Amino acid sequence: MSDRELEAPDCDRVFVFHRSRLYELFGQIEKEFEALYVENLSFSWSVVVELFLQKMFQISKDELKMSLIDFNAPSMGKAFKTALVVHTKVEALTDRLAEGGMPLEKAAEIFAITNEAVAGNKASSKKSTIQMGQKLKTAFKVPPGRNLVSSFKVGSDPNRVRYVRTFKGHRDGVWHVDAAKSNLLCSTSADQTARIWCIETGVCFAQYVGHEGSVNCARFNLANNGNDDNILVVTASGDQSAHIWKAPTTFNQQQQQQQQQQQQQQQQQPEQQQQQQTIAGCHHSSEDEKCSDKEEIIVDESETLLTIRQPLLKLTGHTCPVIAADWIANDNQIVTASWDRTANVFDAERGEIVNILSGHDLELNYCCAHPSQKLVVTASRDTTFRLWDFRESIHSVSVFQGHTESVTSAVFTGADKIVSGSDDRSVKVWDFRNMRTALTTIRMDSPVNRIAVSRTSNIIAIPTDNRQVRLYDLNGVRITRLPSTSRRGHHRMVCCCAWADDNSHCNLFSCGFDKQVLGWNVITSTTKDKE
């Protein structure tokens with residue numbers, strides 16, 4: 001017998017061992033994803049039940065928190081104590097409720113058992129327990145064919161939002177998106193480019209390649225957004241600078257036809273090649289890592305795309321990456337925010353620094369200027385955002401505290417309000433005249449990124465890390481959420497949203513780390529009046 005024949009069984013045993021070990025590691029990875037999903041679901045249910053208790057007993061959130069800390073507080077009634085016990089029981093049943101939902105009959109049975117257990121602990125509370133059970137059954141009453149989980153989706157109307165189109169072309173994650181009144185859309189990406197799109201056709205007809213780092217933000221200068229053939233754009237970049245450049249507002253039909261022909265040719269590639277690329281890119285067990293059912297189309301735009309290589313003006317002075325920029329209203333000035341913990345105000349004609357806004361303890365995440373007044377807001381990782389008032393000769397600053405983690409964005413509304421989003425999974429609505437307490441707090445199930453508020457309908461678009469975009473009004477009432485399926489939704493973290501209120505066909509845009517920008521049609525009160 002040869003040496004090779006003797007070694008063959010040993011090789012087989014080694015192969016079997018490594019294969020079993022590989023399967024074991026894959027199993028551990030899947031368990032980790034399942035644990036994260038259950039934890040996320042448990043947090044969501046906890047928030048839902050807390051809101052339910054607040055509405056049923058008409059108490060504030062602070063009172064609810066104090067009652068959870070001090071259950072034997074003399075001010076707490078018997079029925080409310082019973083509700084808190086039921087709250088705990090509901091959290092324990094989260095896993096069972098989450099697995100495909102639960103019929104109403106089964107839910108009623110579970111709550112009946114819970115009520116009996118509560119009544120057994122204290123006989124004097126039997127009447128309150130029965131009343132509580134009846135209230136719960138009435139509250140959880142849902143139509144036939146639906147489950148208990150879906151009954152909690154109060155106020156959400158999926159018919160109010162419709163997918164319109166996908167803007168593809170970036171080769172890396174898209175950080176920011178901004179819309180102009182003249183049917184223009186600008187997106188910025190980690191691929192070191194900014195792109196100009198036609199909203200109506202979805203065609204990219206210009207790109208800016210003057211930066212040497214990731215392009216983190218872009219803003220149109222709406223002051224000169226008239227009938228001119230060009231519009232000014234400011235972009236902020238990781239190369240520690242901001243650039244001002246001119247973007248065309250129109251493009252010829254020949255460019256559009258050439259790009260559409262190239263897109264059709266890309267879509268008609270052999271089916272076998274599409275299957276190979278799909279198989280190579282879709283081995284993810286997490287729900288948030290799903291790939292699109294369609295192959296990503298990359299169009300060769302070297303001949304049809306207008307490329308802008310040089311800016312009109314470079315704004316320098318920061319010592320760290322510039323994360324955001326915006327145009328200050330009624331003045332030819334620009335504000336920039338940087339990781340060097342400062343915001344600079346530049347003269348947009350000379351490129352000189354007019355003012356340095358310092359005071360934040362950590363890196364800045366965002367800056368935004370008021371659309372009609374000389375007001376600027378800066379958001380920082382130090383859990384605060386600041387309001388800078390330049391309306392008077394003596395400038396003033398106000399510090400807003402209330403978030404517990406990094407403030408990722410803060411924007412102005414049409415009224416005298418500011419909306420802020422944070423990594424603490426909350427969105428808060430503030431009044432200029434009251435810095436101490438937020439008017440409204442919206443709890444999310446994932447860290448919040450760059451939010452946007454509609455100027456006409458005051459709807460807040462909230463993008464989050466878990467690839468979701470949810471819509472709320474300024475009172476904290478949930479309106480709907482954008483679809484998040486593998487075909488018509490984001491596959492990765494959603495970084496930013498932008499409204500185009502003057503465009504009735506496609507009035508909301510979202511961008512994310514899946515390299516794409518999505519256009520949506522959201523039915524608002526304004527669009528209903530037009531119809």
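Rounded if a/c is under 1.5, else prolate if a/b beats b/c, else oblate: with a ≥ b ≥ c from the C-alpha gyration tensor eigenvalues square-rooted, which is segment 463-502?
prolate
Sort 380-389, 311-320 by packing, meaning the average of other beta carbons within 10 Å per residue, with the highest value first.
Those peptides, ordered most packed to least, come out 380-389, 311-320.
Name the long-range amide H neighbours of PHE385: under 5 Å, sequence gap of 5 or more, or other chain; modelled H, no Pro or chain starts.
Residues meeting the amide H criterion: PHE400.
Could you let me know the centre-to-centre spacing of segment 399-460 and segment 382-398, using Cα atoms, in angstrom?
About 17 Å separates the Cα centre of segment 399-460 from the one of segment 382-398.
What net charge is computed for the residues neighbouring GLY359, neighbours being all others with C-beta under 14 Å from the C-beta of GLY359, Lys and Arg scored +1, Asp and Glu -1?
With Lys, Arg at +1 and Asp, Glu at -1, the neighbours total -2.
Any read-out appearing in this document is the output of simple, stated calculations on the displayed coordinates, not a laboratory observation. Nothing here was measured: the structure is a model prediction, and the numbers come from that model. Backbone-built Cβ (ideal geometry, glycine too); neighbour counts: all protein chains shown.
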